[in-house]
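Written out below as structure tokens is the structure these notes cover.
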């Protein structure tokens with residue numbers, strides 16, 4: 001059964017395979033398209049430290065909020081990653097939201113997107129986040145479906161030229177009613 005875990009060297013080989021997939025297809029995994037695989041492989045512990053740099057207890061650079069990365073894994077296989085931002089600043093309110101997620105190219109269209117967002121929402125509730133903002137590109141039908149399947153209610157479509165040319169859709173997912 002897939003689960004969210006802290007990034008770990010245990011998944012190094014599978015993570016590197018996912019980066020290779022993303023680079024070969026030019027698809028997803030965000031900044032990994034710019035990463036040098038030899039550098040990551042040689043200093044994987046450095047990557048892991050980098051992924052934990054915004055966790056609570058660490059000093060934050062100006063303009064950043066506390067956040068955590070989690071990886072979706074099944075057994076030894078890395079399937080995707082999620083970033084959970086504890087609060088919103090003006091920039092995240094406009095573009096990015098509380099949760100950002102990605103699924104490796106070979107694992108897409110298998111329900112892992114819906115699962116990673118559901119698990120991330122559970123984690124967000126554990127750390128005290130109420131209503132959650134999630135966004136996606138207007139033409140990303142897969143993410144739109146994932147967000148809507150997890151209860152996302154469309155706030156609207158917005159242009160954010162300082163971040164990207166393509167408009168985005170912003171959704172809110174309400175905190176569960178505790179009554």
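Things to note:
- The lone criterion from (1) more than 23 Å from residue 8 (Cβ to Cβ); (2) in contact (Cβ under 8 Å) with a residue 60 or more places away in the chain; (3) crowded, with 22+ Cβ neighbours inside 10 Å left unmet by residue 95 is number (3).
- Against the conditions (1) out of contact with any helix residue (DSSP H, G or I) (no Cβ under 7 Å at 6 or more places or on another chain); (2) more than 25 Å from residue 23 (Cα to Cα), residue 167 satisfies every one except (2).
- Hey, residue 155 free of Cβ contacts under 8 Å to residues at least 24 places away in the same chain, surrounded by 12 or more Cβ atoms within 10 Å (Cβ to Cβ), farther than 15 Å from residue 84 by Cα and more than 19 Å from the chain's Cα centre (by Cα) or not: yes
- Single residue of 73, 65 found to be touching a helix residue (DSSP H, G or I) at 6+ places or on another chain (Cβ under 8 Å), surrounded by fewer than 16 Cβ atoms within 10 Å (Cβ to Cβ) and within 30 Å of residue 128 (Cβ to Cβ): 65
- Conditions (1) more than 19 Å from residue 111 (Cα to Cα); (2) modelled with pLDDT of 95 or more; (3) under 19 Å from the mean Cα position of the chain (by Cα): number failed by residue 146: (1)
The values are calculated or read from the model by the stated rules, or taken from the named source; none is laboratory data. Since this is a predicted model, take the numbers as computed values, not measurements. Neighbour counts are summed over all protein chains in view; Cβ atoms, including those assigned to glycine, are modelled from backbone coordinates with ideal geometry.
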